[in-house]
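These notes are about the structure you will find just below.
Rule-based calculations on the coordinates, nothing more; no lab input. What you see is a predicted model; the values in this text were computed from it and never measured. With ideal geometry, Cβ positions are generated from the backbone for all residues, glycine too; neighbour counts draw on all protein chains shown.
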Amino acid sequence: MFSFISRRLLAGLGTLLVSTFAMYLLVSKSIRPFEDLESLTDGAIKAQRIAERIEILDLNTNPVIRYFKWLGNFVTGDLGVGWRSGQPVTSLLQGAVASTIQLVAAATVIAIILGVMIGIVSALRQYSSFDYITIFLSFVLYSLPAFWVAVLLKQWGAIGFNDFLKDPSLSPLVIAVAGALAGTAWMLAFGGTARKRLITFGSAFLVTVGALFYLQLSNWWLQPNLGPVIILITGTALAFAITALTAGLQNRRALGAALSTVALGLALYYPLKPVLREVDSWLLVGGLAVLTIAVGIGIGYLWGGPDRGVSARSAAITAFLVASMIFVDKVMSIWPAYLKAPAINGRPLATIGDATPNLGGNFWVGTLDSFTHLLLPTIALVLIQFAGYTRYSRSSMLEVMNQDYIRTARAKGLPERTVIMRHGFRNTLIPLATIVPIDVITLLGGAIITEKVFARPGMGTLFIDSLQHAEVDPVMAYLVIVAALAIIANIVADLIYAALDPRIRVNA
Amino acid sequence: MSNAISPQDSTFDPNVENQIELKEVEGLSQNQIVRRRFLQHKGAVISVVVLVLITILAVTSVGFGSWTGWWKFVPSGQGATNPLINGGAPSSVHPFGQDEAGRDIFARVMRGTQTSLIIMFSVGLIATVVGIVVGALSGFFRGAADSLLMRFTDLIITMPVIVLGAVLGLMSGGNNAALFGAFLGLILWPPLARLVRGEFLSLREREFVDAARVAGASNTRIIFKHMLPNAVGVIIVNTTLLLSSAILLETSLSYLGVGIKSPSISLGLLINDYQQAFASRPWLFWWPGAFIVSIALCVNFIGDGLRDAFDPRQKRIPSVRKMARARRIERPLPSTRPTDGTGAAAEPSTP
């Protein structure tokens, strides 16, 4: 194992050297450092400026020698400067990396969860209308240019929603259409006999319409909140759904554990308020999340029984989700004040940047502000990635469900839930686990278009702007980071594959 | 007591499914099977028609090179600006509308479509040739050639295509679509090369390759006459998928300003130019987008149809109606006869 990793890392280092060399030559060949000087009419001044620039950029030296100069500086920790602004690359990178990670992390998690869920349901209902609609939609999403979607979202999503907030009321027709759409989607996803379909459609329709009317009447758009009642209802529903998926509803202990976490979460709702007010960093939020999961596991163990692990798992997932709802509720409570802030002026959804300048306020205001900036770019990224994950998990699930061990599992009388979740789903994730690290890294470097359209000061924007401004050092720093991450991601993918699938041996 | 169950007696027979499939391919050559399967994929056939229509429209309307085509407005250059009719909104004279300078959007979109198609085909050509050559050489010769070529492939895969594309796009100058396409082709071939290599690695162990070698065929002949035709399915399917990613890559790069540049026209460039005008003149934004989406969607559907046609593993389950019809057929289907025969012959000892 150790020899495998070190061998791969060494080979990766070699690849990195060769690829940065090639990229350095390509970049120096492609940039046009004098482009902005070409409009100068005075010949003498022009010649002087060009000479200055040749001096700054050391252009009389052969690019190959320049590369080794750059490499020497790079390995000693001097990443160079963006010569137009005079800023050192390290300070340029700091903000950019944080902004990109913020964007990519949320988008990837959502895209994977949604994509895998829909892909698997679609595979289980192969050749149903749900399947056909999913395939068609994923084709359409696959064919959409990212920048086009992003511009559309800016126009409709941001400006449309902000206009809507001026007078937030939905007409009954809109509510009915939304209800019908939700009903149809759930009906197609659940399938079954005509009677079962009708029941699914009816209940999904009623729930959606009811929820929208509630939002309307309680002036929710201007004063959003979840509150104990919604947390209770949603939490209970989640507890049932998660138990049904992870343990089966006949496992009373697991259900009990999940429900008691919901009860505990609700009981802590008011006592937690002063605690949350004091929270001032993401580290603390992360710590609280870990604590929540630990409490969930503890509750599961206390319920005991022969398979504590299963109860602990259901309880932990439920605990995490209930805690997320409390977190969202806290963020939502800032909304009315946020809307009125002079920097926002009643138009909360932002289309550019990653934070409102001169906003002020505490951690929670900052969190809400970064959420409103993240929302649209995240949707844009999710829409594009989601299609790939759906198609991938669908075909992977189809392949797994045709395996002999699935037939064996069914033949020995296991309930369908166990067959799908334990034998099917887990094996479906193996190939997915190997593409996710590579995808994430590609995204880290490659959310260029989304960042550019939404003018987020991330890595992609840094790269493309520096390239167009003929600043070699920032471009090279970016390329090194991207290439190094890609090499590491490939090694990680191989290791994950070996860990998940015992048939693969890394040392072979 | 020869009691092989004949299909019409049973209420459920798993063989029915196989019989339908066999009946569909019986007595046909491989090419006929592929063609027939492809033609059964409605989405793919419609996409072929749409793509051909778009190509014809784009080429004949604004012409090509010195030929001006039948459309009365020119996309750019001298005489491109016309008086605004109805504020530039789509009208009978300018079906797609005009931009604020009075240029005809239909002509511009058609020129942009041409650019995209040229890039798509030159990417396809370069990437396929390089991919096949690299994949075939490393799969066929293995050993040192293989590891050298595959390291080279890994090297290119290290960089995200959009990053490489941005650098190469800037390098191509932005006014030569074919050159830009060729550059993009040079970065999009690695996945194809890997697939071809895999295919060649397994093909070279097959008996017919041994037979050809024993008969004295040269390496070139084996590669071109025996192995390549057998790998053609993989190549065609993946080239198609590569084309759709090429068109999206090109438009994205042009949108970012590192691909095709003004005065040349590309669909991505049009969207970049006109995105500010979305609120006041939405048609400036919709038409180029609609053409990108339709081309990419068509190519994707064609790729899907080709995969269904070439890949026998992706079996389509016959519809319920088809199964029922097959079950109703009176006489046993030809494919069941051998089974019956061996079934009876295997029981000679029964008294």
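What the table below lists for this structure:
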| item | result |
| --- | --- |
| Spin-label model distance (nm) - A:VAL97 vs B:THR55, 7 Å beyond Cα toward Cβ | 4.8 nm |
| FRET efficiency estimate (nearest 0.05) - Cβ-Cβ, A:ARG252 to B:ASN82, R0 56 angstrom | 0.15 |
| Loop trypsin sites (Lys or Arg not before Pro), the range A:415-508, which have at most 11 other Cβ atoms in a 10 Å radius of their Cβ (DSSP) | A:ARG503, A:ARG505 |
| Neighbour net charge for B:PRO160 - beta-carbon separation under 15 angstrom, K R +1, D E -1 | -2 |
| Efficiency of FRET between A:ALA433 and A:ASP404 - r from beta-carbon atoms, R0 25 angstrom, step 0.05 | 0.65 |
| Calculated SAXS-style log₁₀ I(q)/I(0) at q = 0.12 Å⁻¹ - the range A:43-105, Debye, Cα scatterers | -0.48 |
| Relative exposure of B:THR68, B:THR158, B:THR55, judged by other C-beta atoms within 10 Å (fewest first) | B:THR68, B:THR55, B:THR158 |
| Proxy reagent accessibility, fewest Cβ within 10 Å first, across B:GLU250, B:GLU26 | B:GLU26, B:GLU250 |
| Amide proton proximity set for A:GLN87, modelled H, under 5 Å, gap of 5+ | A:GLY82 |
| Which listed pairs, of A:LYS29/A:LYS452; A:LYS273/A:LYS340; A:LYS46/B:LYS261; B:LYS72/B:LYS261; A:LYS166/A:LYS330; B:LYS42/B:LYS261, have C-alpha distances above 28 Å, in listed order | B:LYS42/B:LYS261 |
| Label point distance in nm, A:SER3-B:SER147, each placed 7 Å from Cα along Cα→Cβ | 1.5 nm |
| Prolate/oblate/rounded label for the protein assembly as shown (Cα gyration tensor, a/c 1.5) | rounded |
| Surrounding net charge for A:LEU339, when Lys and Arg each add one and Asp and Glu each subtract one, Cβ distance under 15 Å | 0 |
| Relative contact order (%) - the range A:22-142, alpha-carbon pairs under 8 angstrom, separation at least six | 12 percent |
| J(HN,Hα) series, the range A:430-437, from Karplus relation 6.51 cos²θ - 1.76 cosθ + 1.60, nearest Hz, glycine and proline x | 4, x, 4, 4, 7, 8, 4, x |
| Sites A:LEU283 and A:ASN62 - FRET efficiency at Förster radius 60 Å, r taken between beta-carbons, to 0.05 | 0.80 |
| Likely footprinting exposure, A:ASP369, A:ASP280, fewest C-beta neighbours within 10 Å first | A:ASP280, A:ASP369 |
| Residue-span extension gain [A:PHE190 to A:SER203] - 0.36 nm each, minus C-alpha spacing | 3.4 nm |
| Sparse-neighbourhood loop sites, trypsin sites (Lys or Arg not before Pro) in the range A:369-414 - DSSP loop, at most 10 other Cβ within 10 angstrom | A:LYS412 |
| Under 19 Å from the Cα of A:LYS196 - aspartates and glutamates, other chains or at least 8 residues apart | A:ASP131, A:GLU416 |
| Helix-only [θ]222 nm of the protein assembly as shown, DSSP H runs n ≥ 4, -39500 (n - 2.57) each, per residue, nearest 500 | -23500 deg cm²/dmol |
| Three-way shape label, the range A:92-233, alpha-carbon gyration tensor, a/c 1.5 | oblate |
| Relative contact order for the range A:296-442, counting Cα pairs under 8 Å that sit 6 or more residues apart, in percent | 13 percent |
| Global form of the range A:313-462, assessed from the alpha-carbon gyration tensor, a/c cut-off 1.5 | oblate |
| Average other protein chain Cβ within 10 Å of Cβ, residues B:246-258 | 4 |
